[in-house]
Structure formats: structure tokens, C-alpha cells
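Step one of this worksheet: look at the structure below.
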Amino acid sequence: MILYREHLQSGNGIEDDEIVQAQVGVHHVDEVSSAGGADIDGDEQDEHSNVHIGELQWGTDPTDETDKLDEQFEIEADFLEGPANQELNTPEWERGIEDNFALYGIDIEMNRDDTITTPDGTFDIIWAAKKYFSPTKVADEPHDLYLMAGGSPRDFIPNSDAAGVNIQAILRTHDEVPGWARTIASEITDDALMAFTENINAGAFADPSDYNQTPYTSELQLVSAGVGLHELGHSFHIGEADDTGPLPGGEVYTADENDGTLERVKINGDERLAWSLMRSGWRPRMLFQSNSAAYHGFSLEELSTIQRP
């Protein structure tokens, strides 16, 4: 059972001035028995989200360490060439994403693999897609999920600060795959689960106060980790409770105008709506703190639809 889920199952969900603040907190695993966790603040004790996933999702007791989901999901991560993308090809970026999922008892192992070189040494995502997006070409490492990080120029997606697309989630939710998705993933097959993040140039959207308590060392690392967590979340079916149809057009972002179950929380004393990882785009100062650590959060409702990829 997910802790505090009754707030979503009563009345019309989160109503009026209701705030489910406990969902964004963490606890030490020895305080409340927890399957999984990560030491996010360096105190030599693992922390776990107050939201526990298990019994309804995959038939395990989320408070029994011996009954946890005994499954690790391998992710192969490739990076388009260029200074921005290589800033992500680092142990701290990998660890931040792994630990954030571990807070929810989800064990992922990100294997940073290849740097993909384009013909003229500049950004060319369509070329890279056609050349590399095939299981026989990207499967250098055993993997369940595949992620390509490629920060696109502003003129490629000019109105976006941080965006991504999960091709496999689109293929899964569409009876007829959109033309642009077929172009990007021209050789994809159903066994090539894939998350692809793009336009991860953060710009002036984060500052040291956003990332100085995280594993990340720059705004680019912080914002792109949020994009990566969001897109990988789609592979786990996270955030589908309010969706009205196939991705991406049918995706209902948390706290957008179509979200009928708003989950209000307070961050540094300010009440927020569009705070969770499945929101649209990037918002500054949206991280949650535990002692000396800051982390991204999923909402209760988003996690209620989680499944194995």
C-alpha cells in the first residue's frame, strides 16, 4: 500500500486547501522498516521516501527488506558529443539519478557507455537517431532501458528550457505512432525500451542554491537529471493516472489545467502545485531537503500507476 493514499481515494482526491506534506519527506530505513533506500546525505544511514511502493504495484511488502522487489533495471546511457553532453557523462550525474530512484525502492543501474560522434562534430539528432537507434547498434551493454542524452541548440526547440521524449512510452500508448516519432526512432523495435532527453541546456534556470545540496555540480546536471528522471519515469508508467490519451499529447502534467487532483505541498514555506518530477519543464527551487541533502520528488498519484517497464 502507498502511505497516505487515502487522501487520493476520498471525495475528489486532493481538495481545496488539503496538503499531503508527508509524501515529500524521507525517513531513515531503521526508523520505519523500508525495502530499498539510499544514503543521500552522507550520514552513513540510508534514507527512504515516506511513499512506499510495493503491495499493490508488484506484490511485495514495501516495509519488509526481505520482501523487496528483487530486480535491478539496467540502463545503457549514451551521450552525443559536445562539452555539454560530456558534463553529464560523469559518476555524480549517474549516482544522483540512481539514488533518487532508490529513495522509492527502485533499483536501477546506469551504465554510461558511448560518446556518439556525428559526421561534422556538431549536434545532429536526426542523423544520430537513424544511425544508432537500433538494438543491434546501441546494445553494447546488457540493458532494460536505453537513454541518450543530447543537449539541443535553442533553435531546435526554441521555446523549451528542458524537454525530453520517451519513444517507447509513445509506442506503447499509441495505436498509430506519430510521424515525428517514427522519424526519430526509425529502426526501433518493441524490445528496445528507450528514453531520450533533448534540449537539456538549462540556461539561467537554476543557481547554486538549487544544486549545492545535491550530487550535481552545475545547473545543467541538475536540470537534465530532472528531465532524465521524468522520461525514465514514463518507462515505469509513472504519472498515467490523469492522462487522457496516448503520449505525448494525452499526458496530463501535474498541476496543469487538466489535473483534477492537485497535490499541494510547501517548499521553504511556499505552497506549490507544479512541484513533482512529472511536471512540465523546469521550475527553480523545487527540490526537497533532508538534513544536508536535496532531492527530486514524485507525487503519490504519479506513483500509484507504477509498473515494471
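The values are calculated or read from the model by the stated rules, or taken from the named source; none is laboratory data. Being a predicted model, the structure only gives us computed values, none of them experimental. A quick note on method: Cβ atoms are made from the backbone with ideal geometry, for glycine too, and the neighbour counts reach across all protein chains shown. Note: areas computed on protein heavy atoms with side chains; ligands, DNA, RNA excluded. Shrake-Rupley method; radii C 1.70, N 1.55, O 1.52, S 1.80 Å.
The 3J(HN,Hα) values that the Karplus relation (6.51, -1.76, 1.60; θ = phi - 60°) gives for the range 257-268 are, in residue order, 5, 9, 7, x, 10, 6, 10, 7, 9, 10, 10, 6 Hz. Gly and Pro appear as x. Each residue of the range 293-299 is assigned a 3J(HN,Hα), and the resulting list reads 10, 10, 8, 7, x, 8, 8 Hz, derived from the Karplus form 6.51 cos²θ - 1.76 cosθ + 1.60 (θ = phi - 60°), x at Gly and Pro. For ARG112, the residues whose amide H sits under 5 Å from its own are ALA77, ignoring neighbours fewer than 5 places away on the same chain, with H placed 1.01 Å from N. Taking amide H atoms as placed 1.01 Å from N in the peptide plane, the amide H of VAL265 lies under 5 Å from those of ARG272, each 5 or more residues away in sequence or on another chain.
Taking every protein chain into account, the accessible area of the range 263-307 amounts to 36 square angstrom per residue (probe 1.4 Å). The amide H of PHE73, built 1.01 Å from its N in the peptide plane, has ASP107, ILE108, GLU109 as neighbours under 5 Å, considering only residues 5 or more places off or on other chains. In this rough spin-label picture, where each label sits 7 Å from Cα along the Cβ direction, the ASN111-ASP61 distance is 3.4 nm. With the simple spin-label model, which puts each label point 7 Å out from Cα in the Cβ direction, the GLU257 to THR305 separation comes to 2.0 nm. Taking 0.36 nm per residue of sequence separation and removing the Cα-Cα distance, the GLU71/ASP175 pair yields an extension gain of 34.5 nm. 3J(HN,Hα) couplings calculated from phi for the range 210-222 with the Karplus curve 6.51 cos²θ - 1.76 cosθ + 1.60 (θ = phi - 60°) are, in sequence order, 7, 10, 6, 10, 10, x, 7, 10, 7, 5, 4, 4, 5 Hz; Gly and Pro show x. When all protein chains stay in place and ligands, DNA and RNA are ignored, the 1.4 Å accessible-area order of THR173, THR254, THR63, largest first, is THR63, THR173, THR254. Full extension of the chain between GLN289 and ASN268 gives 6.6 nm of extra length, using 0.36 nm per residue less the Cα-Cα distance.
Once Rg and the Kirkwood radius are both taken over the C-alpha atoms of the range 221-280, their ratio Rg/Rh works out to 0.98.
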